[in-house]
Amino acid sequence: MSVATPRKILVTSALPYANGSLHLGHLLETIQTDIWVRFQNTRGHNCLYVCADDAHGTAIMLKAEQQGISAEQLIDNVRNEHKADFDDFLIKFDNFHSTHSDENKEISELIYSRLKNNGHIAERSITQLFDPEKQLFLADRYIKGTCPKCKTDDQYGDNCEACGATYSPADLLNPRSALSGATPIEKDSVHYFFKLPEFEAMLKDWTTAGSLQPQIANKLNEWLEAGLQEWDISRDAPYFGFEIPDAPGKYFYVWLDAPIGYMASFKNLCERTELSFDDYWAKGSDAELFHFIGKDIINFHGLFWPAMLESAEFRKPTAIYVHGFLTVDGKKMSKSRGTFITARNYLKQLDAEYLRYYFAAKLTANVDDIDLNLEDFVQKVNSDLVGKVINIASRSAKFITKGDSLLSAELANAELWQQGIDAGNQIANYYEERDYSKAMREVMALADATNEYFDAAEPWKLAKQEDTAAQAVAISSQCINMFAQIMTYLAPVLPETVIKAEAFLNTSLVWNKEPTPLRSHEINKFKAMMSRVDSDKVDAMVEAQKAELASEAKAAPVPAKATAIEPIAAEITFEDFAKIDLRIAKIVHAEYVDKADKLLQLQLDIGGDQRQVLAGIRSAYEPNQLIGKLTVMVANLKPRKMRFGISEGMVLAAGPGGKDLWILEPHAGAQAGMRVN
C-alpha cells in the first residue's frame, strides 16, 4: 500500500469562461479533476492543481457593455463568484488565476514571438462581415439570417438548425447582426495565422503515442487525414484581450492565450512559492503534465496546443483526459426546462458531496456522456452513502460507547479485514485510470460485506447478555475498522465527511501507509456525518432555477432592430393563396426535439388523419402546455425532410418571437379536421 517513489505532477482543468455563472457541467469536470488530484496526494505524490478564468473575447466585452461596467470589473466579479462556487464544492486548487494577468500577457507574447521567429506565422488580408452600427467584425454566432438551403429564418451564420446545412455567413439570405439588427457589410482586414499544417507529421506521431484516449486519437486522426488548415490567431479592435506586439489594433484570439493560461496560473503560483516554472514546463522536464477537458474542445488541446508548444520549445502534455457532456434527466441541459442548473442554485438546496459522489459513481475512463438523473441521484446517495457506509459507523458505535469507548484488542473477523485491505490496490488502480465508477462499486461491495457481517452476527442480541456482551463489542469493533478503511478509500470523493469520520475515529486516515487495524483504541461518540437527500429540495432547486432563468430572460435587452418589421415578400396571386389548405388540428402529443434549440415535435390530428410537424415554437411553449389544444395548420404543405426528422405540415403562429409567440387557436366549437375559410 505504500508509495515507493513520489511523482511530480501538474494537473489542469479547462478554464471556465468569465462572462457567466458556473453550472453543473463545469462541476462535472472540476470534480473529476479534483478527485484525481486528491487521490494522487493521498498516495504520497506531489500533485498540483491549477486553473484560471478564461477572461478575454468579444462576448465578455459585450456583456460588460450590457451591464454598464468595464470588462475588467466584469471579470473580477465573475472570478470572485467562480472561486466561491469552486470552494463550496470542495475543489482544492493550488492556484486559481485569470488569463487577464501579467503572467499570461508575458508568456503569450513570448510564445508568439517564438512562433514568428520560427517562421510559423503567416499574414494576409481576409474579408469578414462587419456591423456598421456596433463598428465591429461579427463572429458567426453574432450573425443571423435565412438559411440559403431550406429558407428557414433566424438561423446562425455557420449552420441551420432546421435542415442541418453548413455554410459561410456570406451565404446567408437577408443577414443581420444579432447585436444591433443592422445589415452587415463586407470589410477587409489583415489577420495573422499559425501555420498548423507544418506540424502534421509531429501531430500524427504525438496523437498516436498514448497521450490520448483511443476515441479522441481516432477523432483527431480524422482531422489530420482531411488536412489541417492555418489557424487564425488574431482579432480586430474593438476586442478585450492582449494586443499583438507590433500590430496596433490587432489582438490575440481568445483561444491562443486561453491554454497559455495554464502556464500563467502555474507561473503565478511559482512566484508565491519556491516552485520552479522550468521544472514543469521546460523541454525534457521529468514532471508529469495532465489536462482534463470536455470533448467539445479537443481540437484546441489535441492539435493547436501541442503544435504551439512544439514551435515555442516548451514541453507537451503527458496526457489529455477527455470526458463527455453532462445531461440532466436524459436531456441536454436546457434553460427552458429548468435543467440548466447553476452551481450556486444547487448549493442553496443540497450538499456538495452528494454531487461529488454521484459523479464519481458515473464517471468512467471513456468519453461517454454522463446523465444526472435526479430521481436516481436521490436514491443512490441515500442508499450508498447514508444507508450503507455511514450506517456502519452509526449502528456499530452504540455498542462501543456504552462502555469505555475502547475498540477490542483483536479483530473478530480477520478474513473480512483482509478482504478490505486486498481491495485497496484495485481501487487505487481504478482511481489512477479515472474509472471512478468501478472504484465506487468496489467500495460499496466492502460496505455491503460489512453490513451483511453485522446483520448475521446480531450484536444487539449478544449485548443483552453479560457473558456475550464482549462479543458484541468485538463485532462492532470489526465493523468500525472496516468503516475506517472504507472512508480512507472514499477520501478523494468525500473530503469533508472524511474529516468528520476522523473526528469520530480519533485518528487520521492515511492511504499511503500499510494499513493496521485500530486495536484497544478509544473512539468518540458518534455524531451524524451526512443527512439523507430530501427530494423536495431537489424539486425546489429545479423550480428556483426555472424562476431565475425566466427573470433573466424577461430582463434581457433586445437588439435595437431585432423586432423591426420584415420587408414584405414577393406578391402572390389569389390562385396561389387558394391552393393553401388550412385545417383545424388537435395537438395530441408534443415533445422536445433532441439537440434542436428551437423545435418542438407535434403530433396533430386533422380529423382521423395524424401528421407529424416540427415547429419552431420551443421558445414560447413547454410541450405539456400544448397537448389537447386546437390550432391551425397548413395541411397540404409538401412533407420536408429536416435534420431532425420529417415535417408533414406547418402550424400557424404570430408574434415578434421568443416568448412572445402564439400559435393560432380557432374559436370555441371548432373541431379537428374542419377547413378554415
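For the reader, a short list of remarks on this structure follows.
- Just so you know, in region 100-111 the residues that are assigned to a helix (DSSP H, G or I) and of a type in the set (S, T, N, Q) include one that is nearest to Ile244 (Cα to Cα), and it is Ser108.
- If only residues of region 309-323 that are part of a loop (DSSP other than H, G, I, E, B) and touching a strand residue (DSSP E or B) at 6+ places or on another chain (Cβ under 6 Å) are counted, the one that is nearest to Tyr262 (Cα to Cα) is Pro317.
- Of everything listed in (1) without any contact (Cβ under 8 Å) to a residue 40 or more places away in the chain; (2) over 23 Å from Ser520 (Cβ atoms); (3) buried (at least 17 other Cβ atoms within 10 Å of the Cβ), the single unmet condition for Leu494 is (1).
- Listing of helices (runs of 4 or more DSSP H) fully contained in region 439-542 that carry 3 or more residues being under 18 Å from Val389 (Cβ atoms): 469-490, 495-505
- Extreme residue, most open to solvent (accessible area, probe 1.4 Å), among residues of region 220-241 that are of a type in the set (D, E, K, R) and within 16 Å of Trp305 (Cα to Cα): Glu230
- Any chance Asn345 is surrounded by 19 or more Cβ atoms within 10 Å (Cβ to Cβ), part of a helix (DSSP H, G or I), touching a residue at least 12 places away in the same chain (Cβ under 8 Å) and under 22 Å from the mean Cα position of the chain (by Cα): yes
- Candidate set: region 83-120, residues that are of a type in the set (A, V, I, L, M) and closer than 21 Å to Asn19 by Cα; chosen: the one surrounded by the most Cβ atoms within 10 Å (Cβ to Cβ): Ile91
- Options Ser211, Ser180: the member that is open to solvent by less than 20 Å² (accessible area, probe 1.4 Å), under 30 Å from Ala122 (Cβ atoms), outside any helix (DSSP H, G or I) and of a type in the set (S, T, N, Q): Ser211
- Subset of region 242-299 that is farther than 30 Å from Gly25 by Cβ and assigned to a strand (DSSP E or B) - its residue that is most open to solvent (accessible area, probe 1.4 Å): Glu243
- Residue within region 213-222 that is modelled with pLDDT under 95 and among the small types (Gly, Ala, Ser) present: no
- Close contacts from region 244-268, counting a first residue that is at positive phi and a second that is open to solvent by 30 Å² or more (accessible area, probe 1.4 Å), with Cβ to Cβ under 9 Å and a gap of 6+ residues or different chains, come to Gly249/Ala237; Gly249/Glu243.
- Within region 7-27, residues that are open to solvent by 40 Å² or more (accessible area, probe 1.4 Å) have Cβ atoms under 8 Å from residues that are basic (Lys, Arg) in these pairs: Asn19/Lys63; Ser21/Arg344, counting only partners at least 6 apart in sequence or on another chain.
- Taken over region 470-491, the criterion of being of a type outside the set (A, V, I, L, M) and surrounded by fewer than 21 Cβ atoms within 10 Å (Cβ to Cβ) is satisfied by Gln471 alone.
The values are calculated or read from the model by the stated rules, or taken from the named source; none is laboratory data. It should be emphasised that the depicted structure is a prediction, and the values quoted were computed from it without experimental measurement. Note that each Cβ is placed from the backbone with ideal geometry, even for glycine, and that neighbours are counted across all protein chains shown. These area figures cover heavy atoms from the full protein model, side chains too; ligands, DNA and RNA do not enter into them. Shrake-Rupley method; radii C 1.70, N 1.55, O 1.52, S 1.80 Å.
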